[in-house]
Structure formats: C-alpha cells, structure tokens
Amino acid sequence: MRYEAPETMEAAVALLASDDNARVLAGGTDLLVQLRADTIDPSLVVDVKKIDAMRTVTAEDGGFRVGAAVTGAELGEHEEFKSVWPGVVEALELIGSTQIQSRATMGGNLCNASPAADSVPAMIAAGAIATIEGPNGSRDIPVEDVATGPGRTSLRKGELVASFLFPEQAPRTGDAYLRFIPRTEMDIAVVGAGVCLTLDESGLCTAARVSLGAVAALALVPDEAADALMGTSVDEAALARLSEVASAAAKPIDDKRGTKEFRIQVTGVMARRAAEIALARAKGK
Amino acid sequence: MARYHVSATVNGDEVDFLCEPEQTLLDVLRDELHLTGTKEGCASGDCGACSVMLDGRLVCSCLVMGAEAGDCSIETIEGMAEGERLHPLQQKFLDYAALQCGYCTPGLLVAAKALLERSPDPTEIETRYWLAGNLCRCTGYDKIIRAVLDTAAEMRGE
C-alpha cells in the first residue's frame, strides 16, 4: 500500500485515476477501521487533507461552500454556518466521540455510504449539492445522487467529492435532524430524519424537504413527506400526515438495533419531531 | 515495502521516524518512538485508550496513519508531567483513586486535559459527554468525573 498526500486537486485526481484500487483518505475514521478489519486492501491511499479547498468553509453566492474534508469539530466551531444550518451541524456532531469529531468529515460520511450516516439526511434536506472533481473536470450533483447502495457510490474512476454547496437560504427557513438510538450518544442511527422547511410571511410552508436515514439501503427523500407540509401552517393535521407518510415510506430491515416494525413506527415520530424543531427555527428567522 | 520518512514534533521534541503505510500513529508512538504510555484498546476508535493531541485536537491515534503525522505536533501522556511534578489532573486521579487497572488512564488524562484547556469550568454533563469516547471498565466513571471537576476548580484557584 502506498500513501500519497497531494496538495492540489489536480494531483489528487491524477493519483486516483492512476490506480484501480485507490482509496481517498479524509478523516480516516471509517477507512482505518476497514483497513484494520481487512475489509479493504487498497494499493494506494490518497490523503486529501493537504488540499486547502477541501478544508475550508467559504461564502458563495449567498450560501456556503464546505470542503468535503472539513471535520465535525471545525464545522461545529463555525458560528456563521451553524446559525444558518443548525440541523446540518447537529447531524454531523452526532457522529462518534470527541476524538472522532476531531477527524470525521461530511465527505467521508457520504462516501462511506452507510445507510445510517447521520449527516446525509440533513444535507439532503438542506438541498446541498456535491461538487465532484475528476479526470474530466468538475460536476455538480445533488447529495442524494452520490450513494447508490450500502458502501457504494456513483463516483467514477478518478473522481472524489471535493466540496458541498449549501445554497443561499430563503428567509424563514429552518432545518433540523433527529435520530433514534437506544442510548444517549455514541451509537449508530436506528432511524434518522432531516427536515428543512420555509415559511412565507403569513406562516404557510412554501418549501419543504424531508429525508429519512437508516430505514432503507439509501437515505430516502419521499416527496409525499414534503407534500404533507407544503401549503400548511405545519399544524397538527400536517404533522400527523407527515408522520403517517414518513412511516409508510420507510423500508427498513430487521437487525440487532431495531425491528422493521419498530423502525417504521419511529420514522414517523422522528420526522414529526424534526419538523417541529425546523418550524420553530424557521419562525425564529 | 515502501517506508516513509516522517518528521514531527512529539511533546515538544523534533522527531524523525520511518514508518510503513500500514502503521498507525499509535504503532509509531509505541513501536518506533517507544512511547508506550499511549495504549491500544480496541484499535477501532471506540475506546479512547490511544488518545493523543494532534495539532491541538484530541484524536484516537489508532485512527491516524503514521505517514499522516508529517509536520504535525503531537502530545502524548509522556508530555503531561513536568519532570517529577505531576499535572494537577494526574495528582487528582491518584487522590480520588480514579483508576483501578489503569489501562484507560493515559487516554482519559489526555482527553481531560484537552477539555480543561478548552473549558476551564465545565459542567458535569459537559465533562461526561466530552469523555464519552474514553471507556473505563473498572471505575464506573464517577471517581474520574469528580477528579476532573475538582481539578478544574483547583486550576481556577477555587
């Protein structure tokens, strides 16, 4: 196994394109565990942390561009980003311990492609766009189009997720992420729900995105869940409807962390409670 | 097999070492630099026994490649006492008997020191959350938490 730490995106792409069995190293909190467990055996590891653009948060067109290798600790300390996208930050900060937060990144969380990745439903709800760099240049795709199944992504040879664009937020927009785990922290989501909604001046919901994690092979983005909120004041009836359609959209498996039946029920509860938090935040802006 | 020449600062000293890409920072600290205070517990980032500071951030050294440490500043348990003089946290861990087997202790001390540098007056809840990545199977944590909070009070001059 070879280790390379290029300082430019072009060099990283060239290295990744040069080796069929190359892996990107960002925070390493999944990669090193997989190396240790011999579940992967790459011939090349490309450390992207020396590429400045992958480590910084910058303003762009009224929104934010977040480097894919920005850590949970760094994003949590970015007061401006946190005030605009508290749901994204709380999702990322739910991952692991203090030690893990020092290293773990949103790019890694997305590309590890676990169905239970906490930051992914929050990014999807926020409408984040992944900018992918590769041998043929740069392309932008919605975050929900990156993972294609557990441990699999749509990235082609030589490509890497370089950054995320969080577009300019409309006034009175709030986001939130909640997950269910059977303990207080340091666990993997049994169910996760990200909600982002926008209110007009009269308090009616004019835009909504709902994403559900850990209840299918991929994070789900059920239109009917967003539709349950659209045009409403996010009142009791709308929340009840959201809960119902979110549960109906869930396609979970049974495993040691939760039964299928339990996950389906909790999906509705998490979606509803996340929507209530997002609503309060939207009203506060 | 490729070996990488790495220069870093460990506990304030410039060090050079050769490592293979398969070696973690934990392997390098213990096997190449013979700093065996840092312990291997789970080797998967769950237990915190291998906690060190890397460029001012608390990390599990089992989840960092040795080759990644180039030009980095690393602080380990060996840098905590000043000569024979224990760090206040070390003394309080003794006073409170905040350890039994001691295997988790270096990691807990490094993690607790990082907490107090960032937050000199932490609440109990904050302390428990901060240290949640450091597992101790002996003490039940209570003595550890009390030792950390009492150290914080002492360091604030209370």
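The values are calculated or read from the model by the stated rules, or taken from the named source; none is laboratory data. If you're wondering where the values come from, they're calculated on a predicted model, not measured in any experiment. Neighbour counts are summed over all protein chains in view; Cβ atoms, including those assigned to glycine, are modelled from backbone coordinates with ideal geometry.
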Open item on the list: Being under 24 Å from A:Ser211 (Cβ atoms) and assigned to a helix (DSSP H, G or I) narrows it down to one residue among A:Phe81, A:Phe64; which is it?
Closed with: A:Phe81
Open item on the list: Would you confirm whether or not region A:37-44 contains a residue that is within 16 Å of A:Gly67 (Cα to Cα) and more than 8 Å from every other protein chain (Cβ to nearest Cβ)?
Closed with: no
TODO: Answer yes or no: is there a residue in region B:2-18 that is part of a strand (DSSP E or B), in contact with a strand residue (DSSP E or B) (Cβ under 9 Å, 6 or more places away or on another chain) and within 24 Å of B:Ala132 (Cβ to Cβ).
DONE: no
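Conditions (1) within 13 Å of chain A (Cβ to nearest Cβ); (2) within 13 Å of the chain's Cα centre (by Cα); (3) surrounded by fewer than 20 Cβ atoms within 10 Å (Cβ to Cβ), marked per residue:
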position: B:Val6; (1), (2), (3): yes, no, no
position: B:Val10; (1), (2), (3): no, yes, no
position: B:Pro21; (1), (2), (3): yes, no, no
position: B:Leu26; (1), (2), (3): yes, yes, no
position: B:Gly37; (1), (2), (3): no, yes, yes
position: B:Ser61; (1), (2), (3): yes, yes, no
position: B:Cys72; (1), (2), (3): yes, no, yes
position: B:Asp95; (1), (2), (3): no, no, yes
position: B:Ala98; (1), (2), (3): no, no, no
Task: Every residue from region B:128-158 that is out of contact with any Gly (no Cβ under 9 Å at 6 or more places or on another chain), closer than 19 Å to A:Glu77 by Cβ and crowded, with 19+ Cβ neighbours inside 10 Å - done: B:Trp130
TODO: Within region A:62-79, track down each residue that is of a type in the set (D, E, K, R) and farther than 14 Å from A:Ala26 by Cβ.
DONE: A:Arg65, A:Glu77, A:Glu79
Task: Those residues of region A:124-158 which are without any contact (Cβ under 8 Å) to a residue 40 or more places away in the chain, among the acidic types (Asp, Glu) and part of a strand (DSSP E or B), in sequence order - done: A:Asp140
Task: Wholly within region A:169-285, helices (runs of 4 or more DSSP H) carrying at least 1 residues that are of a type in the set (Gly, Ala, Ser) and surrounded by fewer than 20 Cβ atoms within 10 Å (Cβ to Cβ) - done: A:236-249, A:260-283
TODO: Examine region A:78-87 for a residue that is surrounded by fewer than 21 Cβ atoms within 10 Å (Cβ to Cβ) and within 14 Å of chain B (Cβ to nearest Cβ), and state whether such a residue exists.
DONE: no
Task: Only listed residue being part of a strand (DSSP E or B), of a type outside the set (S, T, N, Q) and within 13 Å of another protein chain (Cβ to nearest Cβ), chosen from B:Val110, B:Val52 - done: B:Val52
- [ ] For region A:55-66, name all the residues that are touching a residue at least 40 places away in the same chain (Cβ under 8 Å) and more than 16 Å from the chain's Cα centre (by Cα).
- [x] A:Glu60, A:Asp61, A:Gly62, A:Gly63
TODO: Name the single residue, out of those in region A:88-102 being more than 18 Å from A:Ser211 (Cβ to Cβ) and out of contact with any Lys or Arg (no Cβ under 8 Å at 6 or more places or on another chain), that is farthest from the other protein chains (Cβ to nearest Cβ).
DONE: A:Gln101
- [ ] Within region B:93-105, track down each residue that is touching a Lys or Arg at 6+ places or on another chain (Cβ under 6 Å) and either free of Cβ contacts under 8 Å to residues at least 12 places away in the same chain or not hydrophobic (A, V, I, L, M, F, W, C) (or both).
- [x] B:Tyr96, B:Tyr103
Task: Unique residue being within 17 Å of A:Pro86 (Cβ to Cβ) and at pLDDT 95 or above when the list is A:Thr259, A:Thr206, A:Thr198 - done: A:Thr198
Open item on the list: Every residue in region B:77-90 that is in contact (Cβ under 8 Å) with a residue 40 or more places away in the chain and either surrounded by fewer than 23 Cβ atoms within 10 Å (Cβ to Cβ) or facing chain A (nearest Cβ under 8 Å) (or both), please.
Closed with: B:Glu78, B:Gly79, B:Pro88
TODO: Could you list all residues from region A:1-29 that are of a type in the set (Gly, Ala, Ser), within 14 Å of chain B (Cβ to nearest Cβ) and part of a loop (DSSP other than H, G, I, E, B)?
DONE: A:Ala5, A:Ala26, A:Gly27, A:Gly28
Task: Failed criterion for B:Asp31 (all others in (1) more than 18 Å from B:Ser73 (Cβ to Cβ); (2) within 14 Å of another protein chain (Cβ to nearest Cβ) hold) - done: (2)
Task: Unique match (being more than 20 Å from B:Gly56 (Cα to Cα), touching a residue at least 40 places away in the same chain (Cβ under 8 Å) and of a type in the set (Ser, Thr, Tyr)) among A:Thr71, A:Thr8, A:Thr29 - done: A:Thr8
